[in-house]
1. Please go through the range 141-152 and pick out each residue that is touching a helix residue (DSSP H, G or I) at 6+ places or on another chain (Cβ under 9 Å) and crowded, with 20+ Cβ neighbours inside 10 Å.
2. What pairs come up if the first residue lies in the range 270-283 and is assigned by TED's automatic domain parsing to the domain that holds Phe342 and touching a residue at least 60 places away in the same chain (Cβ under 8 Å), the second is small (Gly, Ala, Ser) and in a loop (DSSP other than H, G, I, E, B), and their beta carbons are under 6 Å apart, counting only those six or more places apart or on different chains?
3. Please pick out the residue among Arg511, Arg520, Arg494 that is of a type in the set (Lys, Arg) and surrounded by fewer than 20 Cβ atoms within 10 Å (Cβ to Cβ).
4. Would you be able to tell me the number of residues in the range 172-209 that are touching a Pro at 6+ places or on another chain (Cβ under 7 Å) and at pLDDT 85 or above?
5. Out of Ser239, Ser248, Ser224, Ser232, report the one residue that is among the hydroxyl-bearing types (Ser, Thr, Tyr) and modelled with pLDDT of 90 or more.
6. Under the condition of being in contact with a Ser or Thr (Cβ under 6 Å, 6 or more places away or on another chain) and part of a loop (DSSP other than H, G, I, E, B), which residue from the range 293-305 is nearest to Lys145 (Cα to Cα)?
7. Determine the pairs where a residue that is closer than 19 Å to Leu424 by Cβ, located within the range 239-259, has a partner that is in a loop (DSSP other than H, G, I, E, B) and of a type in the set (Val, Ile, Thr) with Cβ atoms under 8 Å apart, the partner being 6 or more residues away or on another chain.
8. Among the strands (runs of 3 or more DSSP E) lying completely within the range 113-210, list those that include at least 3 residues that are of a type in the set (A, V, I, L, M).
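The values are calculated or read from the model by the stated rules, or taken from the named source; none is laboratory data. Since the model is a prediction, treat every value here as computed from it, not as a measurement. Cβ coordinates were reconstructed from backbone atoms using ideal geometry, including for glycine residues, and neighbour counts include every protein chain displayed.
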Amino acid sequence: MALRLVDPCVSSPSIPRTPRRVLWPHASASAALVMSYGQSRRLGARPMGAMAPAWEASIRLVDEVNKLRYSYPQEELLKLLNSLTAPRKVYRSYIPPAGSERLFLYDSNGVPNPGAPVVPCVNWHTANLKQKQDILEEALSQLKKNGFVVLESLLSPERLQALLEDFRRQRQNLPVGVTFSRMRAQRDMTIPPFNKMWASDDIICHPLILALLARYLRNSTNTSEEKAAEMSFAHWLGSGGDIEEFTSGRLSAGYPELDLLVVVDTPPGAPAQTRHRDTILPGPCASLGVHIPLTPMQATPLNGAIGFFPSSHLLTGDLSGSKPQEMVGTSAPGSVILYDSFTEHRGLENESSDARAALFAWFRVPGVYTGHTEENFGPEGLQRANEFRDYVRPRLLAVESEQRSLCPGLGAEEAWGFRRGSKLVPWTRSWGEENVCFQCNRTTLQGASASRPGSARNEWYCEKCWAKSGGMPTPWPGNLTDPWEQPDRVSEERLKELQGQGLNITPGKGRHKLTLLRERGYFIPVDPQNDWLDRVSNDPQPSGWKDAMKKALGEVPRFDGF
């Protein structure tokens, strides 16, 4: 086998117009490089006109490779050169055979099926601004219409293969607290290490992905009261269910934040999940998953692709009594799938002999109930999650600000409970941060706690409130209100009993309501405004959290695939 270096076509009397190909025998690759360089100098190979920059670039490349031969062992240099010139491997296994009963993204000829939300992105990096804007608008339109969109061939398959190989090495010796193994249908999820390989702008902070997040995740329904949020959703649905209400209308003041970045691993033989939605309230445009397959997708045999029910985020099928046909999300290597968490979907069976890994990033507007609690990950995993949040956040905010100026919400309610640009809460002890000030309702690292005479409450205050008060600060009035009476509320006695039995649950009495909301599974990465907190019970127990706890205790049977 030989490597071939192709010079650019040049216009010179000394050199033919056709490209000159120089063969590099394996035994003398570096010598051949020097020879080709020297010959070109002796022949006076000086390009003319517009070809000069390309020719100079090729000469500089030869110079750089010539230098490498002094610092690289010959075998490693040849391996490097082969990796740069080797043809890209093309995977076609994501295309189903003719006559498949299931509906796939592509037909047996590799053409997207009618209605499949596939947007070609292979030329993104060479596209001009107008072309990139067209891709963005088409992808956004498909996402609004179907609840998911496939950004076809957006990323480098070789880059994703490197991530997969690194993850497989990690699986051999994972630190405690970075993997959650109780996902639906035998899956597990692992927070990868925060390093240059995984924290990369060309993967998790790709400009097209960030722009779509900024344009789509804007739902600003006030979720402080579950009943009020339910009524708001019912009014939206009853008025026609226009998705623009959340993306550019009255309820479009929200903004996205990174919740979790994980690798989901589906072992061989894993069954299909049941159809589900990842989040319910406050409806669409509030939570979005970014799914990046690391293992190449297979249509036959299936290796754990996601099955989507198009447009189910708009509930059109539910209202008409008919369900859309499931579409199997097998996609070309390097593709990215974005889907609204309110869209009905499920992980399908893995009938292959190998595990399938995919990089997942969940982005949400603040205030959404996710069910992600402290017990999902240990300190190591939580620290990694926080590092990824800190990395992604400034990049996402910059794009969000740009897209907001280009496409502002019309009459959007800014005072929905969370200030844009508020600081991320500091990572302290756990997922449910303890250090929330009882006076200013802010999460900080510096402060102290104290008990008020005659009260069982142990109140924590930040150092600023201590200094301002000159003594024990006065708590915010809303933090003194007794818990609301709820028919299905889990009593303090029951929580203490369960805690004594080893269940990872803490009673709520005497603790800050914001701490409890985070600990019970609400996604609140920034501190909300005080009037938002005033509408929440002192002992918040989200309905989703209560349901999950009842299932864990066996009081409610789990459905198949959970």
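1. Result: Leu143, Lys144, Asn146, Gly147, Phe148, Val149, Val150, Leu151.
2. Gln273/Gly561; Thr274/Gly561; Asp278/Ser341; Thr279/Ser341
3. Arg494
4. 1
5. Ser248
6. Ala305
7. Gly254/Val365; Tyr255/Val365; Pro256/Val365; Glu257/Val365; Asp259/Thr370
8. By residue number, 148-152.
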